[in-house]
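Data first, discussion second: the structure below is written as structure tokens.
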Amino acid sequence: MGNRSHLSVAELQHQVADFNQERGWEDVHTVESLCKAISVEAGELLEVTLWPKAGQISRDDLLSEMADVAIYLLSLSNLLGIQLDEAIQVKLAGNSSRFPRIS
């Protein structure tokens, strides 16, 4: 886990799956619980911007909450058998036609 090299989304999915499996969390990770966890963590991400001290938003706090959201999203993808990198590519392709470039 200490390796800070750049990993693909698929590699991150595997790393998160291993982490969850090593802790026996498969039994508590349901679609409903992971969707709720994503929502809670997204709320915590928003909370970071709510009352910034001296007008400064903490990059470290943002990073931590973004990682929490991503980890739960990867966990949900694993549970549903979704390759998130492929899903993102499909979505971006669809968005390209829905939202054309401004030239």
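Quick note: the coordinates plus some simple rules give every number you see, no bench work behind them. Everything numeric in this text was worked out from a predicted model, so none of it was measured. Every residue, glycine as well, gets a Cβ built from its backbone with ideal geometry; the counts of neighbours run over all protein chains shown.
General remarks:
- Backbone phi angles across segment 86-103, fed through the Karplus curve with coefficients 6.51, -1.76 and 1.60 (θ = phi - 60°), yield HN-Hα couplings of 5, 4, 5, 4, 5, 5, 4, 4, x, 5, 4, 7, 6, 10, x, 4, 9, 9 Hz in residue order; Gly and Pro are listed as x.
- Computed per residue of the chain from DSSP H runs no shorter than four, each worth -39500 (n - 2.57), the mean residue ellipticity at 222 nm is -22500 deg cm²/dmol.
- Each Lys and Arg contributes +1 and each Asp and Glu -1, all at the Cβ; summed about the Cα centre of segment 9-98, the dipole is approximately 420 debye.
- Under the Karplus curve 6.51 cos²θ - 1.76 cosθ + 1.60, θ = phi - 60°, whole-Hz ³J(HN,Hα) for segment 71-81, x wherever Gly or Pro sits: 4, 5, 5, 5, 4, 5, 4, 4, 4, 8, x
- Length added when fully stretched, Gln56-Ala10, from 0.36 nm per residue minus Cα-Cα: 13.2 nm
- Translational D in µm²/s for the chain (Stokes-Einstein at 10 °C, 1.306 mPa s, Kirkwood Rh from C-alpha pairs): 101 µm²/s
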